[in-house]
1. Return the residue satisfying two criteria in turn: it lies in region 172-191 and is of a type outside the set (A, V, I, L, M, F, W, C) and surrounded by fewer than 18 Cβ atoms within 10 Å (Cβ to Cβ), and of such residues it is nearest to Asn332 (Cα to Cα).
2. Take the conditions touching a helix residue (DSSP H, G or I) at 6+ places or on another chain (Cβ under 6 Å), surrounded by fewer than 24 Cβ atoms within 10 Å (Cβ to Cβ) and either within 26 Å of Glu207 (Cβ to Cβ) or not acidic (Asp, Glu) (or both) and apply them to Arg277. Does it pass?
3. Based on what the data block shows, is Glu140 modelled with pLDDT under 50, assigned to a loop (DSSP other than H, G, I, E, B) and out of contact with any Gly (no Cβ under 8 Å at 6 or more places or on another chain)?
4. Can you spot a residue in region 287-295 that is assigned to a loop (DSSP other than H, G, I, E, B) and within 22 Å of Ser174 (Cβ to Cβ)?
Amino acid sequence: MKNTKIQNTILNIRGVNNMYKIYRRITFAAVVLVIIAVSAFQLLAWENASEEDIVYSQTQKVQSQTFFEMLNLDEATEGNYYTMVDEDDNRIMRTARHLHVGDRYICGKNKMYEVHTVIDYTAHAREIERTQAESSFIREIISGIGERLFVFNVPTLFQRAQDQENRVLGIYHSHGAESYVPGDGTESIDEGGGILDVGRSMADALEQKGITVIHSEETHVPHDSGAYMRSRRTAEELLQEGPDALFDVHRDAVPPDEYLGEVEGEERVQIQLIVGRQNQNSSSNQQFAEGLKASADELYPNLVKGILMAQGSYNQDMSPSAMLLEVGAHENEKAGAEESIVLFADVIDNYLYGTEQGREQIGLSPDTGGGPGGTAVTRVIGLILLVVAAAAAYLFISTENLEELKAKLKDFTTKEFRDIAGRFNKEEDKIMDRGDNTEFAEEISPDVNNVEENKADSDNSSENNSPQEEKESNE
């Protein structure tokens, strides 16, 4: 009778253990499936979103820009401009764009300044530690893994080579009436100012390098800050063509010497890059600007006079590779501005298509997961990391102590994945289950340790007893 109870106890323990194992595996599989389903749904939802939906979503993020445009606060009133000075009142730069506390400027010598006080048209700034554009730590990890994978991805490399042969850039002018007094005879022409000629020179220079250029000559008049909302529709149309980068070409309205500098032994018109601080792409836009300036410093030192990170959006929320250019000022020679923009075309080509950072910027890097096909692989890598994280969380929750967690982790690859893949045959699975059940029984009841041994001793005793002894025993 006692042996029968022990055997029933063993069977019950084994049944509970088997049910526990089944429950554990079902839970694990459910967690993994949920993560995969949610991730796949999000990826498909984004990839299937219409251009109108994406543009509408982006438009909702520029309410601050709309506010400034309605109040006409983008630029100083005609004839006025701002001067940024350091703590010793030395002039850093001048611009017709409104300067606000928090605006930053990277000068030609790559020093960074931040405005802390604005009095009338003077912005007081202090030099701060140069900081690179922020980036996601997780994204860097995933991209790093992607770099290793793409080294061996021949089809993807071939696809990228094809895509780089179809290089496309977009050019437009939010203030298309801007002109150059020397050359155009006036500072503004509503039908189309000299800035359009500068845009044509830029487009021609890029096309000579085999780059397809989509150049809009829409003027978006009148010349006010509301022009950015009108030019936004133009930018939307250009983005539908899938350009690698988008350039909004302007000229400034400050004294001409502000944009004159020695470039390759000659006095030339300089170019300034503008980054809008009020958009979700500001970090990428800043990285784009810094990359262009670094390339210009290498090819044509002093061609780019600086980078202004100003309050506003300038439609740069629409693309991480959008940039506003100030090519000289209204009193600089238009011919000089055209010559400088031709040099800057070399800078664009060199940075975007000739450097690893530039290819990463536009998603064409052959060495990273950012290019065509690379985005998908990066997402897959991210999904794998999510699954691994879910598995780790599940193991942590399902264990009572660190030692048990270590044991499960050690046994995980040799047991769990093989069970799921069906690599164990039935006999091996039974043996492993029997071993697990014995250990499980040991934890629950100390008496179970010797169950089989007691049963064997009892059987042997019965066989050795004589009939008389059995009879006496029964009595």
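1. Pro182
2. On the way: touching a helix residue (DSSP H, G or I) at 6+ places or on another chain (Cβ under 6 Å): no; surrounded by fewer than 24 Cβ atoms within 10 Å (Cβ to Cβ): yes; either within 26 Å of Glu207 (Cβ to Cβ) or not acidic (Asp, Glu) (or both): yes.
So Arg277 fails the test.
3. Details: modelled with pLDDT under 50: yes; assigned to a loop (DSSP other than H, G, I, E, B): no; out of contact with any Gly (no Cβ under 8 Å at 6 or more places or on another chain): yes.
No.
4. Within region 287-295, the subset assigned to a loop (DSSP other than H, G, I, E, B) is none.
Within region 287-295, not a single residue is assigned to a loop (DSSP other than H, G, I, E, B) and within 22 Å of Ser174 (Cβ to Cβ).
The values are calculated or read from the model by the stated rules, or taken from the named source; none is laboratory data. Just so it is clear, the model here is predicted, and its values are computed rather than measured. Neighbour counts are summed over all protein chains in view; Cβ atoms, including those assigned to glycine, are modelled from backbone coordinates with ideal geometry.
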